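Everything below concerns the one structure shown next.
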Amino acid sequence: MQYKTEVEALDALAGKYRALREEIAKVIVGQDDVVKNVLISIFSRGHCLLVGVPGLAKTLLVNTISEVLGLKYSRIQFTPDLMPSDIIGTEILDETRNFKFVKGPLFANIILADEINRTPPKTQSALLEAMQERSVTSGGITRRLQEPFFVLATQNPIEQEGTYPLPEAQLDRFMFNVYLDYPSFEEEILVVKNTTSGRLTQLDTIMDGEDIRFFQELVRKVPVTDNVMEYAVNLAAKTRPATSRAHPMATEYINWGAGPRASQYLIVGAKCHAAISGKYAPDIEDVNAVAYAVLRHRVVRNFKAEAEDISVEHIVGTFLKESG
């Protein structure tokens with residue numbers, strides 16, 4: 001695709017985003033913030049962790065997004081007996097007695113890693129390599145994954161028996177941690193009406209992989225003023241207890257704060273949020289718009305916070321209120 005200027009390209013991105021939202025809304029009722037954050041993750045070349053109880057249309061959401069984006073979709077149900085070769089692929093002996101590599105489900109554009117915390121660390125580490133390096137290693141050979149590559153992982157917050165909690169290093173690879181909540185009464189009526197009528201919805205493809213790669217590069221080029229950059233870095237620094245820029249609340253209630261990757265994602269996310277909102281440069285409002293999703297899985301509360309029922313959302317909200 002050819003655009004005369006970057007401003008024209010940013011206008012096109014905002015228009016494509018609006019078209020995507022309209023098309024996705026044909027199938028997904030409500031969940032506006034969730035859809036918005038998932039699309040921001042894709043255009044920012046990041047990954048997203050969805051936390052919600054079963055039955056909130058997480059699978060339908062990612063399937064719908066892959067369809068309107070014209071991308072190859074793969075769903076992996078993570079279980080305690082899942083091995084790395086089950087997701088990466090394996091070598092087999094074909095009819096000519098030569099070894100042939102059979103690609104696993106990771107060789108797709110959008111991966112739904114369903115209940116990621118139910119699989120052992122060995123398999124989680126294989127997924128981690130794919131997320132970080134955009135490649136997988138099997139039999140000593142590294143194979144590149146097709147771009148764009150995006151992992152949407154889900155976790156069930158209710159049942160923790162028989163799970164393998166994701167280590168902080170792996171959680172840090174996810175750009176966003178997004179909470180899904182129950183739909184409103186009116187939205188649930190619409191969901192039931194749409195899904196029990198036998199009506200089939202035909203979705204149009206709004207863009208393809210080449211468009212997405214172009215817009216991912218475009219988002220990175222969006223300029224950021226020094227004061228917005230300093231605001232984002234200072235916001236991440238406030239979460240680090242017992243440091244020079246730590247907020248008193250962080251020292252009191254946080255064990256570990258957000259690292260530099262949080263600062264990077266705050267800026268990239270703010271750039272994308274500004275672009276899809278029709279702006280040509282992000283401001284502090286755009287940083288605040290992505291702050292919860294970027295920080296909630298990077299801030300580890302201490303025992304005192306848990307005992308006093310002080311949530312991460314409350315802590316981050318306090319930082320944002322005082323910074324604003």
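Points to keep in mind about this one:
Matching residues to (1) more than 21 Å from residue 208 (Cα to Cα); (2) crowded, with 22+ Cβ neighbours inside 10 Å:
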residue: 2; (1), (2): no, no
residue: 18; (1), (2): no, no
residue: 26; (1), (2): no, no
residue: 42; (1), (2): no, yes
residue: 63; (1), (2): no, no
residue: 74; (1), (2): no, no
residue: 79; (1), (2): yes, no
residue: 84; (1), (2): yes, yes
residue: 98; (1), (2): yes, no
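- If only residues of the stretch 38-86 that are among the aromatic types (Phe, Trp, Tyr) and without any contact (Cβ under 8 Å) to a residue 60 or more places away in the chain are counted, the one that is farthest from residue 169 (Cα to Cα) is 73.
- Of residues in the stretch 272-324 being surrounded by 13 or more Cβ atoms within 10 Å (Cβ to Cβ) and basic (Lys, Arg), the one nearest to residue 253 (Cα to Cα): 301
- Members of the stretch 235-271 found to be free of Cβ contacts under 8 Å to residues at least 60 places away in the same chain, among the hydroxyl-bearing types (Ser, Thr, Tyr) and surrounded by 15 or more Cβ atoms within 10 Å (Cβ to Cβ), listed by number: 263
- Residue match in the stretch 28-38 (condition: in contact with a helix residue (DSSP H, G or I) (Cβ under 8 Å, 6 or more places away or on another chain) and under 30 Å from residue 141 (Cβ atoms)): no
- Remark: pairs (first residue in the stretch 122-133, farther than 14 Å from residue 107 by Cβ; second residue among the acidic types (Asp, Glu); Cβ separation under 9 Å; 6+ apart in sequence or on different chains) = 123/86.
- Considering the stretch 1-115, the qualifying strands (runs of 3 or more DSSP E), each wholly inside and each with 1 or more residues that are closer than 30 Å to residue 264 by Cα and touching a Ser or Thr at 6+ places or on another chain (Cβ under 7 Å), run over 48-51, 73-77, 110-114.
- Those residues of the stretch 165-194 which are more than 26 Å from residue 268 (Cβ to Cβ) and either surrounded by 15 or more Cβ atoms within 10 Å (Cβ to Cβ) or in contact with a Pro (Cβ under 7 Å, 6 or more places away or on another chain) (or both), in sequence order: 183, 191
- Against the criterion of being among the charged types (D, E, K, R) and within 21 Å of residue 289 (Cα to Cα), residue 252 does not qualify.
- Unmet requirement for residue 221, which otherwise passes all of (1) surrounded by fewer than 19 Cβ atoms within 10 Å (Cβ to Cβ); (2) under 21 Å from residue 35 (Cα atoms): (2)
- The residues listed here are 111, 88; of these, the one that is crowded, with 22+ Cβ neighbours inside 10 Å, over 16 Å from the mean Cα position of the chain (by Cα) and not polar (S, T, N, Q) is 88.
- In the set (1) assigned to a helix (DSSP H, G or I); (2) touching a Cys at 6+ places or on another chain (Cβ under 8 Å); (3) aliphatic (A, V, I, L, M), the condition left unmet by residue 178 is number (1).
- Within the stretch 116-144, tally of residues that are part of a loop (DSSP other than H, G, I, E, B) and under 18 Å from the mean Cα position of the chain (by Cα): 1
For (1) in the same structural domain as residue 298 (by TED's automatic domain parsing); (2) among the basic types (Lys, Arg); (3) assigned to a loop (DSSP other than H, G, I, E, B); (4) at pLDDT 85 or above, each residue gets a yes or a no:
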{"site": "203", "(1), (2), (3), (4)": "no, no, yes, no"}
{"site": "232", "(1), (2), (3), (4)": "yes, no, no, yes"}
{"site": "236", "(1), (2), (3), (4)": "yes, no, no, yes"}
{"site": "240", "(1), (2), (3), (4)": "yes, yes, yes, yes"}
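- When the stretch 273-324 is filtered for residues that are modelled with pLDDT under 90, outside any loop (DSSP other than H, G, I, E, B) and within 29 Å of residue 10 (Cβ to Cβ), the ones remaining, listed by number, are 316, 320, 323.
The values are calculated or read from the model by the stated rules, or taken from the named source; none is laboratory data. Quantities reported herein were computed from a predicted structural model and do not represent experimental measurements. Methodologically, a virtual Cβ is constructed for each residue, glycine included, from the backbone with ideal geometry; neighbour enumeration extends over all protein chains shown.
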